[in-house]
Amino acid sequence: AVCAFCEDAVGVQNAELNAAERAALGPLQRRPLIKDGASKWYHAPCLALAPEVTRGGGHVFRGVAALRRGRALRCATCKGRGATVGCGLAECTSSFHAPCGMFRADCVVDEQADGLAPTLHCPTHRGRGTERWVACSVCDTWRRWKGPVDAIGEPLVAGEPTCAELGGNACGTGADRLTAGEVELDPRNVEASTAADPAAIQAGAPPAHALFGLLPPAAPDAPPAHALFGTLPPAAPEAPAHALFGA
């Protein structure tokens, strides 16, 4: 039996996968996915990554539509037909077999909500997806991951990788640069990635307001403030009141 989605993917059918890749692809499955009058075998990621496919109520929809569309499309990696996974950028014409995109093409994959298929971005447009990072096991330098990923984009890291294995650089040299859009921001200062002084952050900067920067120091024993107009005026001393006519 072969997967109906990647049966023409040369590297997959020739078993050119390592143990982590085979585990991520998973075993062949069979369910009422009908094509040409017969149910078909498939890998779960191959079905999941086809953009037509949706899920709901325990059912899978439009799997056959994905197979029909893929018949005429060649994989940008292995050149075989049946490339059902397109780049997430609508204008891009690159298509892949799911395992070719996951394991051999330096693509990025992002999981989607509401039963929609995960989105794959090709190497040219990977910046539109979510980059993954892996730390060197020797010097703890973070490197941008461009190796194989699973069906939701998580790196398939074998063993304890070094800088040389992750990016071709020796430990401590040529660290990959973060961009503002992919930094995990420090909750103490949401502008830390682009505006704040790194030395101040490391020294323990005071907490920041999410929109307006550093909070001003609180005045000691400040009187209560009106919500709109600032400090309340001092209260007038109370005068004795007439029982009927007021003060």
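The values are calculated or read from the model by the stated rules, or taken from the named source; none is laboratory data. Note that the structure is a prediction, hence the values are computed from the model and not measured. Heads up, the Cβs are rebuilt from the backbone with ideal geometry, glycines too, and the neighbour counts pull from every protein chain shown. The accessibility values were calculated without ligands, DNA or RNA, using every heavy atom of the protein model including side chains. Shrake-Rupley method; radii C 1.70, N 1.55, O 1.52, S 1.80 Å.
What's the carbon and sulfur percent of region 1-103's accessible surface, probe 1.4 angstrom, rounded to a whole number? Present the calculation step by step, with values, prior to reporting the outcome.
Numbers: 2640 of 5030 Å².
That share works out to 52 percent.
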* Structure fact -> Neighbours of P118 by Cβ distance under 9 Å: Lys/Arg at +1, Asp/Glu at -1, summed charge -2
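Quote the charge dipole size of region 40-126 about the Cα centre in Debye, to the nearest 20; the model charges only the Cβ of Lys and Arg (+1) and of Asp and Glu (-1).
Values: 11 positive and 6 negative charges, 111 e Å.
Using Cβ point charges on Lys, Arg, Asp and Glu, region 40-126 gives about 540 debye.
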* Can you give the percent of C-alpha pairs in region 1-113 whose distance is more than 19 Å? -> 40
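Is region 94-148 best put as rounded, prolate or oblate by its Cα gyration tensor, with a ≥ b ≥ c the root eigenvalues, rounded for a/c under 1.5, and otherwise prolate when a/b is larger than b/c, oblate when not? All intermediate terms of the calculation are to be shown ahead of the outcome.
Details: a/c = 2.32, a/b = 1.68, b/c = 1.38.
Judged from the Cα gyration tensor, region 94-148 comes out prolate (a/c at least 1.5, a/b above b/c).
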* Structure fact -> Expressed in nanometres to one decimal, the distance between label points 7 Å along Cα→Cβ at V138 and L89 is 3.5
* To do: Run the 1.4 Å probe and let me know the accessible area of H121, rounded to the nearest 10 Å².
  => 20
* Structure fact -> Under the 7 Å Cα-to-Cβ spin-label approximation, R128 and D106 lie apart by a distance in nanometres of 1.8
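Averaged across orientations, what area in nm² does the convex hull of the alpha carbons in region 55-112 project? Intermediate values should be presented prior to the final figure.
Details: hull surface 18.2 nm².
Average projection, Cα convex hull of region 55-112: 4.6 nm².
Contour minus end-to-end for A23 and E160, with contour as 0.36 nm per residue of separation and end-to-end as the Cα-Cα distance?
On the way: separation 137, 0.36 × 137 = 49.32 nm, distance 1.83 nm.
Taking A23 through E160 to full extension adds about 47.5 nm, to one decimal.
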* Structure fact -> Given a 1.4 Å probe, the accessible area of region 1-106 per residue, as a whole number of Å², is 49
